[in-house]
Amino acid sequence: MKPPPFEYQDPRSLDDAMGLLAEHGEEGKVLAGGQSLVPLLNFRLAQPSVLIDVNRVSELSYLRRRDGRLQIGALCRQSRLEQSPVTRENWGLLTEAVGLVAHQQIRNRGTVGGSAAHADPAAELPVALTALQARFKARSARGDRVIGADDFFVTHLTTALEPDELLVEVEVPPMPEGAGFAFEEYSRRHGDFALGGAAVLVASNGGGVTEARIALLGAADTPLRAREAEDVLRGHKLDQGVAADAAKTAVRDIEPTGDIHGSSSYRKRLIEAMVRRALVRAA
């Protein structure tokens with residue numbers, strides 16, 4: 001339970017951090033909240049030669065609303081996102097999702113950017129950000145680029161970030177006016193990783209659903225948009241029957257990984273139930 005030896009760097013500015021990433025590349029690893037990285041180090045699942053601690057890069061700790069969009073600095077603590085009135089009143093799906101992350105002590109230290117960059121498909125924030133069609137701003141010594149949610153999460157614990165890039169901001173567009181939302185998950189104990197879940201957002205008019213987004217937790221090696229299930233909803237009034245049909249469609253082709261906590265078939269049925277519950281509550 002001890003990490004491998006590493007060189008420790010403590011940059012105080014974003015420029016300094018960029019320089020260190022450019023210098024060390026794949027040999028460097030960024031430390032933000034450390035709630036995921038430190039256990040990986042202790043289990044020797046990650047063995048960087050250089051640890052770049054960005055906690056003192058205070059310019060990345062903001063949370064603000066600008067031009068109708070929510071801009072979240074990568075070092076914004078999860079607890080700040082959870083407690084923000086701006087988030088609660090305008091991006092309630094994020095408030096629900098982050099409130100389910102582990103325990104309060106973890107959220108006090110964990111960062112929004114760190115959770116996104118860690119890219120665990122069983123983590124709440126990547127799933128919620130996928131449903132909200134967030135954009136991820138990466139920076140390196142070569143410049144900036146913006147990556148959409150569909151392209152950011154590549155596979156299990158892997159993102160589209162290059163070795164010399166740092167995730168500096170997550171930008172969330174406004175939710176559709178009058179949209180309903182819900183985040184549902186099931187875990188064996190409070191604070192455990194969920195065995196399955198879903199983030200749902202639906203907007204409707206008198207004639208039925210006009211926009212629908214469903215992102216699945218624990219269904220694949222990335223947060224998974226259930227686009228065919230979204231198509232099932234459009235144009236229909238969202239009642240129990242339509243929700244059940246959409247939930248069945250959402251899990252039809254998934255094959256979740258099974259383990260001692262639940263087989264693949266169990267998790268598939270569980271995720272179906274979470275989608276159905278989320279849709280009904282969102283309606």
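Scanning region 64-84 turns up no residue that is modelled with pLDDT of 95 or more and farther than 30 Å from P173 by Cβ. Pairs linking a residue in region 75-97 that is of a type in the set (A, V, I, L, M) to a residue that is open to solvent by 50 Å² or more (accessible area, probe 1.4 Å) and in a helix (DSSP H, G or I), with Cβ atoms under 8 Å and 6 or more positions apart or on different chains, are L75/S58. Yes or no: V98 β-branched (V, I, T) and within 17 Å of T159 (Cβ to Cβ)? Taking the combined requirement at face value, the residue does not satisfy it.
Go through the residues of region 165-179 one by one and say whether even a single one is among the small types (G, A, S), under 23 Å from R281 (Cα atoms), out of contact with any Lys or Arg (no Cβ under 7 Å at 6 or more places or on another chain) and surrounded by fewer than 22 Cβ atoms within 10 Å (Cβ to Cβ). Scanning region 165-179, I find at least one residue that is among the small types (G, A, S), under 23 Å from R281 (Cα atoms), out of contact with any Lys or Arg (no Cβ under 7 Å at 6 or more places or on another chain) and surrounded by fewer than 22 Cβ atoms within 10 Å (Cβ to Cβ), so the answer is yes. Every condition in (1) part of a helix (DSSP H, G or I); (2) in contact with a Pro (Cβ under 9 Å, 6 or more places away or on another chain); (3) farther than 18 Å from G34 by Cα is met by E89 except one, and the failing one is (2). Scanning region 123-138 for residues that are over 17 Å from R69 (Cα atoms) and either more than 9 Å from the chain's Cα centre (by Cα) or hydroxyl-bearing (S, T, Y) (or both) yields a single hit, A138. One residue stands out in region 90-124 among those that are among the polar types (S, T, N, Q) and surrounded by 20 or more Cβ atoms within 10 Å (Cβ to Cβ): the one that is nearest to E184 (Cα to Cα), namely T95.
Among residues of region 164-178 that are among the acidic types (D, E), those with a Cβ under 7 angstrom from a residue that is buried (at least 20 other Cβ atoms within 10 Å of the Cβ) and part of a loop (DSSP other than H, G, I, E, B), sequence gap 6+ or separate chain, pair up as E169/A74; E171/A134.
Each residue in region 147-202 was checked for being among the hydroxyl-bearing types (S, T, Y) and not in a strand (DSSP E or B), and 1 pass. For L270, indicate whether it is touching a Leu at 6+ places or on another chain (Cβ under 9 Å), of a type in the set (A, V, I, L, M) and open to solvent by 50 Å² or more (accessible area, probe 1.4 Å). No. No other residue among E59, E23 is outside any loop (DSSP other than H, G, I, E, B), open to solvent by 20 Å² or more (accessible area, probe 1.4 Å) and within 18 Å of L81 (Cβ to Cβ) apart from E59.
Here D53 meets each of (1) open to solvent by 50 Å² or more (accessible area, probe 1.4 Å); (2) touching a residue at least 24 places away in the same chain (Cβ under 8 Å); (3) among the charged types (D, E, K, R) with one exception, condition (1).
Considering region 203-229, the residues that are assigned to a helix (DSSP H, G or I) and in contact with a helix residue (DSSP H, G or I) (Cβ under 8 Å, 6 or more places away or on another chain) include one that is most open to solvent (accessible area, probe 1.4 Å), namely E228. For first residues located in region 246-263 and surrounded by 14 or more Cβ atoms within 10 Å (Cβ to Cβ), partners that are assigned to a loop (DSSP other than H, G, I, E, B) and lie 6+ apart or on another chain with Cβ distances below 7 Å form the pairs A250/A226; I254/A219; I254/A220; P256/G218; P256/A219; G262/L195. Assessment of region 12-30 against the conditions (in contact with a helix residue (DSSP H, G or I) (Cβ under 8 Å, 6 or more places away or on another chain) and under 18 Å from S115 (Cβ atoms)) yields at least one matching residue.
The values are calculated or read from the model by the stated rules, or taken from the named source; none is laboratory data. Keep in mind that this is a model prediction, so the values were computed, not measured. Cβ coordinates were reconstructed from backbone atoms using ideal geometry, including for glycine residues, and neighbour counts include every protein chain displayed. In case anyone asks, the SASA skips ligands and DNA or RNA and just uses the protein heavy atoms, side chains included. Shrake-Rupley method; radii C 1.70, N 1.55, O 1.52, S 1.80 Å.
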